[in-house]
Amino acid sequence: MIGDRAMRARGWIRGVVAGTVFLAGLGAAQAQTPVRFSLDWRWEGPAAPFAVALDKGYFAAEGLDVTIEPAAGSREPITRVASGAYDAGFGDVNTLVRFRDENPGTDIKAVMMMYDRPPFAIIGRKSRGITKDLASLQGKRFGAPAADAAYAQWPILKAVNKIDDASMKFENVGFPVREPMLAQGEVDAVFGFAMSSYVNLKSRGVPGEDIVVLLMSDYGVDLYGNAVIVSDKFAKENPEAVKGLLRAIMKGVRDTVKDPAGAVDSVLKRNDVAKKDVELERLKMVLSENMLTPWVKANGFGGIDKDRFARSLDQIGLTVAYKHKPKIEDVFNDEFIPAPDQRRVN
């Protein structure tokens with residue numbers, strides 16, 4: 001009898017413990033903060049850090065239920081977050097500056113810089129007369145999507161280098177036909193992100209030696225690129241969620257740097273028409289040219305050089321007459337970013 005009572009007691013205790021664990025787990029699941037996040041483009045190589053953070057459970061470990069959706073360009077996440085339809089996104093910080101000035105009261109800010117060096121470029125072909133000399137652009141025809149963030153910087157490149165573009169022709173083309181038109185010789189060059197247009201042209205059979213990439217940052221355009229952005233409303237209501245979001249993304253970045261090929265596999269699961277060799281090349285270009293710059297290696301990923309950011313605000317002022325020129329803290333909020341030792345990358 002005593003043995004039976006002891007066994008029943010132990011069983012009761014195990015039941016209570018199991019029930020407590022179950023309820024705790026249920027509570028944790030219910031406590032997860034939903035976050036709707038917008039990419040800047042399709043699921044391609046550069047989106048690997050976000051895919052890795054999803055697949056490895058980094059968001060979930062921070063108590064976040066993150067949904068990530070593709071977009072139609074690095075400017076779209078700005079309007080998505082501003083509308084309140086999305087809580088956060090991955091978009092062009094320069095577009096954010098312009099959007100805030102055009103829409104006073106917009107409550108969105110950048111909270112982590114992803115592209116320390118922007119991928120804005122003019123991509124042309126040697127066989128069409130394009131060289132690394134900006135003078136070769138005279139008299140040429142360009143594919144220039146109106147919604148493209150790279151084309152938006154043309155006034156800066158033009159002003160800094162004193163370019164007279166009277167002889168140039170700019171055609172507003174759709175993103176899907178931009179590289180095909182250049183591959184077929186219908187235009188001489190296009191505006192775009194270097195890693196996108198260069199790799200897309202190669203995949204269409206254009207020889208690498210015939211492709212010329214003029215990175216605007218090599219010609220005096222001292223801007224930053226894409227950043228993680230959030231709405232002030234979401235940040236004020238969920239400050240710990242924003243911190244957790246950035247910690248998870250940072251882990252995704254570090255894993256991507258360590259194993260780019262493995263990271264691309266996470267992208268391919270979300271894009272059944274993507275090819276691994278193409279997306280891996282695209283990702284490696286982004287890592288080397290835009291993300292792992294000398295400044296980032298010395299100072300850590302995700303932050304900004306405030307003097308440089310101030311210069312970038314001055315340059316943006318060359319493209320638009322500010323209604324109210326912003327201060328750095330109006331655009332970039334560094335209070336949620338992980339500690340420096342968590343942002344080191346190799």
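Just so you know, all these numbers are worked out from the coordinates, no wet-lab data involved. No experiment lies behind these values; they were computed from the predicted model shown. Virtual Cβ from ideal backbone geometry, glycine too; neighbours counted across all protein chains shown.
Under the Kirkwood approximation for Rh and a Cα-based Rg, what ratio Rg/Rh is obtained for the range 92-140? Intermediate results must be reported in sequence, preceding the final value.
Working: Rg = 17.0 Å, Rh = 14.0 Å.
Ratio of gyration radius to Kirkwood radius for the range 92-140: 1.21.
What does the net charge come to around ASP40 if you take all other residues with beta carbon closer than 13 Å to its beta carbon, with K and R at +1 and D and E at -1?
Numbers: positive: ARG42, ARG75, ARG80; negative: GLU44, GLU69, GLU76, ASP92, ASP148.
With Lys, Arg at +1 and Asp, Glu at -1, the net is -2.
With a bin width of 5 angstrom, please list the P(r) values of the range 120-219 as percents of all Cα-Cα pairs, from the 0 bin to the one holding the largest distance.
Over the range 120-219, the share of Cα pairs per 5 Å bin runs 2, 15, 28, 30, 18, 7, 1 percent.
Using only Cα atoms, what is the ratio of the radius of gyration of the range 184-238 to 2.2 N^0.38 Å? Please report the intermediate quantities before stating the final value.
Values: Rg = 17.4 Å, N = 55, 2.2 N^0.38 = 10.1 Å.
Cα Rg divided by the expected 2.2 N^0.38 Å: 1.72.
Per the Kirkwood definition applied to all pairs of different Cα atoms, how many angstroms is the hydrodynamic radius of the chain?
On the way: mean 1/r = 0.0463 Å⁻¹.
In the chain this quantity evaluates to 21.6 Å.
Return the Rg/Rh ratio of the range 69-177 with Cα-based radii and a Kirkwood Rh.
Values: Rg = 16.1 Å, Rh = 15.8 Å.
Reported Rg/Rh (Cα atoms, Kirkwood Rh): 1.02.
Amide H to amide H under 5 Å from ALA121: which residues, 5+ apart in sequence or cross-chain, H placed 1.01 Å off N in plane?
Here the answer is GLY192, ALA194, MET216, since their amide H atoms fall under 5 Å of that of ALA121.
Please rank ASP341, ASP101, ASP210, fewest neighbouring Cβ atoms within 10 Å first, as an exposure proxy. Spell out each step's value before the answer.
Working: ASP341 7, ASP101 20, ASP210 14.
Ascending Cβ contact count within 10 Å gives the list ASP341, ASP210, ASP101.
Long-range amide H contacts for PHE170: which residues qualify at under 5 Å (H placed 1.01 Å from N, peptide plane, sequence gap of 5 or more or a different chain)?
Hits under the 5 Å cutoff: PHE142.
Once every DSSP H run of n ≥ 4 in the chain is given -39500 (n - 2.57) and the sum is divided by its residues, what mean residue ellipticity at 222 nm do you get, rounded to the nearest 500 deg cm²/dmol? Walk me through the numbers on the way to the answer.
Working: 15 runs with 153 residues, N = 346.
So the calculated ellipticity at 222 nm is -13000 deg cm²/dmol.
Which value, in Å to one decimal place, does the Kirkwood hydrodynamic radius take for the range 217-281 when every pair of different Cα atoms is included?
Working: mean 1/r = 0.0680 Å⁻¹.
Taking the inverse mean of 1/r over all distinct Cα pairs, the range 217-281 comes out at 14.7 Å.
Under a crude label model (7 Å from the Cα following the beta-carbon direction), how far is PHE175 from GLU335 in nanometres?
3.3
How much net charge surrounds TRP154 when only the other residues with a Cβ under 10 Å from the Cβ of TRP154 are counted, with Lys and Arg +1 and Asp and Glu -1?
Taking every other residue near TRP154 into account, the sum is -1.
Could you list, bin by bin from short to long, the percent of Cα-Cα pairs of the range 231-340 in 10 Å steps?
P(r) over the range 231-340, rounded to whole percents: 11, 30, 32, 23, 3.
So, by mean Cβ neighbours within 10 angstrom, what's the order for 161-169, 294-302, 42-50 with the highest one leading?
Working: 161-169: 11.9, 294-302: 16.4, 42-50: 26.1.
Descending packing order for the listed peptides: 42-50, 294-302, 161-169.
Work out the length of the dipole vector of the chain about its Cα centre, built from +1 on the beta-carbon of each Lys and Arg and -1 on the beta-carbon of each Asp and Glu, and round it to the nearest 20 debye.
Its charge dipole is roughly 600 debye.
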